[in-house]
Amino acid sequence: MLQSACRSSYKGVKFKTTRCVFSVGREDHMKRFILFVLFCLLICASHLWAQTQRVVDIPTRHKVIERIILLEPDTPKAAVVLFAGGHGGLQISPDGNLTWGKGNFLVRSRQLFASSGLVVAVADAPSDRQNPPYLDRFRQTPEHVMDIRAVVAWLKKRSKVPVWLVGTSRGAESAAFIATQLTPADGGPDGIVLTATMLTETRGNRPVPEMPLDRVRIPVLVVHHKQDGCEYCRPADLPRLMNKLTATPQKELITFDGGENVGDPCEAMAYHGFNGIEREVVRKIADWIMRRSDTMQ
């Protein structure tokens, strides 16, 4: 009997592991044996991209922590802090499970960012906002700025790479507002990416184009779906956002089409959440970040 196993590991990084055991009896079964080996190798290889994630609690304000899900590739060129939309209360458990937001575009795409060579920190609501309304009407407050400033500082100290804030939908409000309040010299991000941005609002929250964007002096990438059907994110309103970014050294709008449009037009499985084109969207975002991060180090 011949036995073997395939395991997934690469350059000291821990990955999800698949163990495959097979046996062969007689020579006339060789074809079946070879096909099974190939299948085993394919399954193992499919896990190579999946970075092991862990949970980190970062102290921020007095008696407050910011919990993140952290993914670290071997030789990162930059780091990204990902902000989900909606109320933003992921309620990350100590073992990394999420009570809410698993399907959010950025949350479900976190492994794609990590496999692109980026350190990934998925941000939850802080420990004193772990009940409704979570981040609702909190994203544009000094306390939110302090919390994320602590996350940025922790990432820079640990990874020694530029740190970018990436927000989607209402998460873009977090990224944009923090960039209006902090420069890199003040402990702020080195750049921001705004995806499926809230261009108008009705909840009393200030939409991104109404923020003091003339204070943003870091690179800004805006990513949007051409068919975004969310009433607060109409593509026709994008010029108002782009025209307000008057002080940034680099800005670009990248639009996408295609994918699948399922359910509520303002939710994650609609065009609003780049459903079905996640890999292409993340690749473009990661390339844009890394090209500019190379000049910052």
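Residues that are surrounded by fewer than 24 Cβ atoms within 10 Å (Cβ to Cβ) and either closer than 13 Å to VAL81 by Cβ or of a type in the set (A, V, I, L, M) (or both) are absent from the stretch 164-173 altogether.
Scanning the stretch 240-276 for residues that are touching a His at 6+ places or on another chain (Cβ under 8 Å), under 18 Å from GLY229 (Cβ atoms) and hydrophobic (A, V, I, L, M, F, W, C) yields PHE256, CYS266, PHE274.
Within the stretch 199-208, restricting attention to residues that are under 22 Å from the mean Cα position of the chain (by Cα) and free of Cβ contacts under 8 Å to residues at least 40 places away in the same chain, which residue is farthest from ARG292 (Cα to Cα)?
PRO207
Of the residues that make up the stretch 220-228, is at least one touching a Ser or Thr at 6+ places or on another chain (Cβ under 6 Å), surrounded by fewer than 21 Cβ atoms within 10 Å (Cβ to Cβ) and in contact (Cβ under 8 Å) with a residue 60 or more places away in the chain? No, the conditions are met nowhere in the stretch 220-228. For beta carbons closer than 9 Å, sequence separation of 6+ or different chains, a first residue in the stretch 108-129 that is closer than 19 Å to ALA268 by Cβ and a second that is part of a strand (DSSP E or B) and among the acidic types (Asp, Glu), the qualifying pairs are ALA123/GLU66; ASP124/GLU66; ALA125/GLU66. Filtered by the rule that a residue be touching a residue at least 40 places away in the same chain (Cβ under 8 Å) and either within 14 Å of the chain's Cα centre (by Cα) or at positive phi (or both), the stretch 253-286 gives ALA268, GLY273, PHE274, GLU278, ARG279, VAL281, VAL282, ARG283, LYS284, ILE285, ALA286.
Residues of the stretch 217-231 that are more than 21 Å from the chain's Cα centre (by Cα) and either more than 14 Å from PHE177 (Cα to Cα) or hydrophobic (A, V, I, L, M, F, W, C) (or both): GLN227, GLY229, GLU231. Hey, among ARG240, ARG279, ARG234, which residue is surrounded by fewer than 16 Cβ atoms within 10 Å (Cβ to Cβ), among the basic types (Lys, Arg), closer than 24 Å to GLY86 by Cβ and in contact with a Pro (Cβ under 8 Å, 6 or more places away or on another chain)? Residue meeting the stated conditions: ARG240. Kindly evaluate PRO189 against the criterion of being assigned by TED's automatic domain parsing to the domain that holds TYR271, of a type outside the set (A, V, I, L, M, F, W, C), crowded, with 19+ Cβ neighbours inside 10 Å and not in a loop (DSSP other than H, G, I, E, B). No: the conditions fail for PRO189. In this structure, LEU194 qualifies as under 18 Å from the mean Cα position of the chain (by Cα) and modelled with pLDDT of 95 or more.
Looking only at the stretch 285-297, which residues are part of a helix (DSSP H, G or I) and surrounded by 14 or more Cβ atoms within 10 Å (Cβ to Cβ)? Matches in the stretch 285-297: ILE285, ALA286, TRP288, ILE289, MET290, ARG292, SER293. For the stretch 262-272, the condition holds for at least one residue, the condition being that it is surrounded by 14 or more Cβ atoms within 10 Å (Cβ to Cβ), among the small types (Gly, Ala, Ser) and modelled with pLDDT of 95 or more.
Residues are listed down the side, and each one gets a yes or a no for (1) of a type in the set (Asp, Glu); (2) over 25 Å from ARG170 (Cβ atoms):
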position: THR52; (1), (2): no, yes
position: PRO59; (1), (2): no, yes
position: HIS62; (1), (2): no, yes
position: ILE69; (1), (2): no, no
position: GLU72; (1), (2): yes, yes
position: ASP95; (1), (2): yes, yes
position: GLN111; (1), (2): no, no
position: GLY117; (1), (2): no, yes
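Taken as a whole, the structure places GLU252 among residues that are more than 25 Å from PHE138 (Cα to Cα) and surrounded by fewer than 17 Cβ atoms within 10 Å (Cβ to Cβ).
Of all the criteria given as (1) at positive phi; (2) in contact (Cβ under 8 Å) with a residue 60 or more places away in the chain, the one not satisfied by SER159 is (1). Of all the numbered requirements in (1) of a type outside the set (S, T, N, Q); (2) surrounded by fewer than 23 Cβ atoms within 10 Å (Cβ to Cβ); (3) in a helix (DSSP H, G or I), VAL161 misses one, and that requirement is (3). For the stretch 116-143, filtered to residues that are out of contact with any Leu (no Cβ under 9 Å at 6 or more places or on another chain) and not in a loop (DSSP other than H, G, I, E, B), the residue that is nearest to ARG279 (Cα to Cα) is SER127.
The values are calculated or read from the model by the stated rules, or taken from the named source; none is laboratory data. Everything numeric in this text was worked out from a predicted model, so none of it was measured. Here Cβ is always computed from backbone atoms with ideal geometry, including for glycine, and neighbour counts include all displayed protein chains.
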